[in-house]
Every structure is written in C-alpha cells, then in structure tokens.
Amino acid sequence: MIKPWTHLVNPFLVATEKSYLKALNISTFHDSALYAVQNESFFTPLYNYFHPLHLANQAAYSNWVAQKGMQTGDTLNLTQLLKLLLSTKIGQWDIAIQVVHPKNTSAYQALLHQNRKPFQTGKQAERISAVQSLGLALTGDTALASVKNDVDAFYQLLDTANTSQKSSKTTTNTQSDAVESARVDMCTAMYSNLGAMIQKFASNPDSLANYFDLHSIRNAEHVNFSGHIKPLHIHSVCKHTFAPTDSIEVNNTGAVALNLYLAHTKDAVAGSQIASVAPGADQIVPVTSLGNLENNYLIISNADANIVGEWEVTLI
C-alpha cells in the first residue's frame, strides 16, 4: 500500500484523534495567536474564519463534559438502588413473606421460588424485572398488602432510575457526536489556515511555529487503555505527566467498584486521595482528585476479594 503524501494528511486531525481535550488545547493556542494579529490585513480573514469554529468546539467540549457528570449521577443512583435491593430490601420482603407463608409452603414458592437469587444476581434488567414480578405475584394477598406496596414503590424507583440512566447515556452519545463534529470542523479550518500561511511564509517557514502548538501536535501519545484486574490487585494504567487541568474518562465495564490514584511507582499502594468508580459507571475524573500530580503513575485497584474488574481509561 502506498503511503499518503505527508502534505495530504491533516496533521491536526491525526494529533487530536480520540482526545477532545488536546483538540481544545491546540485550538485555543491557534485562536489566541490569531487574535493577537487579527487587525493585520492578512490575518483578519483567517481569524474571522477560525474563531467561530474554535468557540463551537469549546462549547461542544464543555457540554460533553457536563453531560458526562450528569450521566455519572444517574448511574450511581441506579447502582445504589440495586445495592439496596441486594441485601436490605429483598431481605425485608423475604422475612415478611415467611411470617405469612412459611418457606416450605407452595404459597411461598409461588412468590419466591428461587428464594433471593433473582434479586441479587444477573443483569440489571433481570433484577429490576424480578421486583416487578414479585409485586404482581403479591396481588390479592391481603395479608401481605403492605409488602406489595413497598415492592411496587421500590420498583417504581428502580424503573425511573433505569430510564434516566439510559436516557442520559443516549444524550451523552449525542454530545459525543457533536464534539467530534466540532473537532473535525476546527481541524479542517486550522489545516486551511496552515495552507494560507505556508504561502505567506514560504521563504521563512519557521514563522509558522508562532501560530501552532507544535509540541502538542508532534506528541501523539497513547491515550486509550483497557484491561482486566484480578481481585485484590493493583495495576499500572500508564506513566504520564499530568497538568492540574487534565482529566481522565473512566468506564467501569465490570461488576465491581474500582479505585484510581496517582503514585510515584507502578506498584505503590493508594494514599489518602483516590477516586472510586462504581460498576457500570462512565465518568470524568479530574486528576487533581487522584493525589500528588508529581506522581506519574496512574494506578487502578480492585479491593474485592472475588470479582475480576474490567475497565477502560482515556486521557482527555
């Protein structure tokens, strides 16, 4: 396969792929440089063309980060309700049912034929459905009317939280599409400006360094990481120099809570500052919440003694 001619490849798109924050930083550098010379006749149209696209990219990024925060809240709400179901709620219902219908009776089996298992294991939708089914099964049992009311009320909480979470994820995906579109438009405009500036500075191309963040553009580092982590283990995600304004996106794709922190070595245990990410949560974590920024190792840990964790991390 013939390698594309370097000049036919947009370097800004390549440098910012999968890193919206890097795109924003590069865009801000170029916009600020043009702002300083916007009154010069050559630069005026370049600034007027680029500035609105920079603002659109900035707004799209801000909306995406804000929506990530809202999604995290919705996910945690559902996770907390399912955790309450896991022990407290099903325990209360089971005991109350046994007072009226002893465990070895057919009436008990009709209500909880698998005991507490459907409420404690399986996918989220299956556990929510188990609560709904129990409420329906209790219909007409006057001796357990108060239990039915509690089951039905708790099902409504679960159903609302589940709907809110799914809606939030849809909105986040839409915001992600918007920020990606804004990134592409911004990079295309910057590429266009580069072409115009090459024509102006053809005999002195070093002058272009004044208008583009060459350090960020040249350093297209690895920003996406994923893996599994064994019970009671820690894992070094990456070694990276973080700035106070940096954040990471953490997607906990497993069934156990995971902790993240910064450390001075790849096998150091956590200090006083950690960020905990609930199962199923996909959230933005400011690096300032992970400990001393002089520590270069991003560590993920699994404190559970039985369950393997699964995760995806993106430096944004």
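Miscellaneous remarks
- Efficiency of FRET between Q80 and N210 - r from beta-carbon atoms, R0 30 angstrom, step 0.05: 0.05
- Ellipsoid semi-axes in whole angstrom, largest first, where each is sqrt(5λ) of the Cα gyration tensor of the chain: 53, 22, 15
- Considering helices alone, the calculated mean residue ellipticity of the chain at 222 nm is -17000 deg cm²/dmol, with DSSP H runs of length four and up weighted by -39500 (n - 2.57) and normalised per residue.
- A dipole drawn for the chain from +1 and -1 charges on Cβ atoms has a positive end, and of S192, A161, G122 the residue lying farthest that way is G122.
- The calculated FRET efficiency for the pair T88 and N251, based on their C-beta separation and a Förster distance of 22 Å, comes to about 0.20.
- The charge dipole of region 1-220, taken about the Cα centre with unit charges on the Cβ atoms of Lys, Arg (+1) and Asp, Glu (-1), comes to about 680 debye, rounded to the nearest 20.
- Placing pseudo-labels 7 Å out from each Cα toward the beta carbon at R218 and A36 gives an inter-label distance of 1.9 nm.
- Added length on full extension, which subtracts the Cα-Cα distance from 0.36 nm per residue, Y49 to Q120: 19.9 nm
We did not get these values from a lab; they are worked out from the coordinates using the rules stated. Owing to the predicted nature of the structure, the values given are computational and were not obtained by experimental measurement. Neighbour counts run over all protein chains shown; Cβ positions are idealised from the backbone, glycine included.
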